[in-house]
1. Please pick out the residue among Val98, Val90, Val23, Val27 that is in contact with a strand residue (DSSP E or B) (Cβ under 7 Å, 6 or more places away or on another chain), of a type outside the set (Lys, Arg) and within 30 Å of Arg191 (Cα to Cα).
2. Could you check Asn5 against (1) modelled with pLDDT of 95 or more; (2) open to solvent by less than 80 Å² (accessible area, probe 1.4 Å) and say which number it fails?
3. Name the single residue, out of those in the stretch 182-212 being free of Cβ contacts under 8 Å to residues at least 40 places away in the same chain and part of a helix (DSSP H, G or I), that is farthest from Thr87 (Cα to Cα).
4. I'm told Arg274 meets every condition in (1) among the charged types (D, E, K, R); (2) in contact with a strand residue (DSSP E or B) (Cβ under 9 Å, 6 or more places away or on another chain); (3) over 24 Å from Ala167 (Cβ atoms) except one. Can you identify the failing condition by its number?
5. Report, by residue number, each residue of the stretch 157-213 that is in contact with a strand residue (DSSP E or B) (Cβ under 7 Å, 6 or more places away or on another chain) and of a type in the set (A, V, I, L, M).
6. Taking into account only those residues within the stretch 16-33 that are within 17 Å of Glu251 (Cβ to Cβ) and within 23 Å of the chain's Cα centre (by Cα), which is least open to solvent (accessible area, probe 1.4 Å)?
Amino acid sequence: MEEKNKYYEAFDLYDLTMSDMQVHEAVTALINEHRAYYNTPEVLQKLLGTVELTTLTVTDSQESVMRFTEKVNRWSNEYPDLPPLATICVYPNFASIVSNTLEADGVRVACVSGGFPSSQTFLEVKTIETALALKDGADEIDMVLSVGAFLSEDFETCTDEIEEMKAICGEHPLKVILETGELKTAYQIKRASILAMYAGADFIKTSTGKVSVAATPEAAYTMCRAIKEYHDRTGRWVGFKAAGGIKTVDEAVDYYTIVAEILGEEYIGKGLFRIGTSRLANLLARAVTGEDITPFA
C-alpha cells in the first residue's frame, strides 16, 4: 500500500480534473482558432522533418526493408534542400539492414522493441531484444507500456519495466507508447503520461497503430498538457510522438497546431515532436514539392 501511495501522491501533483468532453471542446477550439496560422509551406516542410517513416508488417523482409531504406537515400539525394526525415522505424531484427543501407544525413534508425505491439512478454526478453537492436545499429527505441498492468494499477511493474529499458538504452532515446486507444479516458492517458515521464521516458507516444483507436487530437492534447506540466515542475523536456492512423496533411497540421500552441515552436525545433507514419510522408512530399510524386511508395 505504501508503494502504491507514492504513485497516487505523484499523480496528485498534476491537474487530472478535465473530463473527456472538456478535453474535446478545448482541443477543438484550439485547432479552430489557430490551425490557419500554422497551415503554411514552412510548417509543411517542418512536418516532413518530424516523420518517422515506418514499416511494421508481417511481410517485411531483408529485401523489402533494404528497398524501403534506399527510397529514403534517394529522396535525400534528390531533394537535399528539404529537411531529412527524422527516422526510419522498423522491427528490431532489421536494425542492421537499415543501419548498413542508410546513407541519408540526419536520418536515424528507430526500432520498436520489448514485445511490440502488446508488451506481453518477459522483461528479460524485452531487455535482450532492446540490447540486440542497439547493438545492430538502432539509435532510438520505441517500447509499449504494459497497459494491462497499468489499468490494474500495478504501477510498480510499469515503472520498473520503463526504468530497466531506459537503463539498457542509456543515451539512446526511449519512446514509451501509451496505447491511448486502450486507455480510453483523458484521466488514464494523463496518468500514464506522468508515470512514463517519471520512469525515464524521453518521448511519450500515442499508439502502436495496431489497435482500432490510435492517435487522436484529444489524446495529443492531454499528453502535451502533461508534458508541459511535467516540464514546469521538473525542468526536463520530454518529446511527443503522434502515431497511428494519421493519414492526411490536414491531420498533420492539426497535430502541429496542438504541439505548437501548448509546447511552443521552439520545442518542435529541438526535434521533440515526431509523427510515426507509413502513408503521410508521400502526401507531405507532394505538398512540399508541388510535384505529383510518391517517393516512399
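The values are calculated or read from the model by the stated rules, or taken from the named source; none is laboratory data. If you're wondering where the values come from, they're calculated on a predicted model, not measured in any experiment. Glycine also receives a Cβ, built like all others from the backbone with ideal geometry; neighbour counts cover every protein chain displayed. Surface accessibility is based on the protein's heavy atoms, side chains included, excluding ligands, DNA and RNA. Shrake-Rupley method; radii C 1.70, N 1.55, O 1.52, S 1.80 Å.
1. Val90
2. Condition not satisfied by Asn5: (1).
3. For the stretch 182-212, the residue satisfying everything is Gln188.
4. Exception for Arg274: condition (3).
5. Passing the criteria: Ile162, Met165, Leu174, Val176, Ile177, Leu178, Ala196, Met197, Ala201, Ile204.
6. Going through the stretch 16-33, the residues within 17 Å of Glu251 (Cβ to Cβ) turn out to be 24, 27-28, 30-32.
If we keep only those that are within 23 Å of the chain's Cα centre (by Cα) too, we end up with 24, 27-28, 30-31.
Working: His24: 81, Val27: 2, Thr28: 53, Leu30: 26, Ile31: 20 Å².
This residue is Val27.
Residues are listed down the side, and each one gets a yes or a no for (1) in a helix (DSSP H, G or I); (2) under 24 Å from Lys71 (Cβ atoms):
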position: Arg233; (1), (2): yes, no
position: Arg236; (1), (2): no, no
position: Ala242; (1), (2): no, yes
position: Glu251; (1), (2): yes, yes
position: Ile275; (1), (2): no, yes
position: Ala281; (1), (2): yes, yes
position: Leu284; (1), (2): yes, yes
position: Ala287; (1), (2): yes, yes
position: Ala297; (1), (2): no, yes
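Residue-by-condition table, conditions (1) touching a helix residue (DSSP H, G or I) at 6+ places or on another chain (Cβ under 9 Å); (2) crowded, with 18+ Cβ neighbours inside 10 Å; (3) of a type outside the set (Gly, Ala, Ser); (4) within 20 Å of Met197 (Cβ to Cβ):
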| site | (1), (2), (3), (4) |
| --- | --- |
| Arg236 | yes, no, yes, yes |
| Gly239 | yes, yes, no, yes |
| Gly245 | yes, yes, no, no |
| Asp250 | yes, no, yes, no |
| Asp254 | yes, yes, yes, no |
| Glu266 | no, no, yes, yes |
| Lys270 | no, no, yes, yes |
| Phe273 | yes, yes, yes, yes |
| Arg279 | no, no, yes, no |
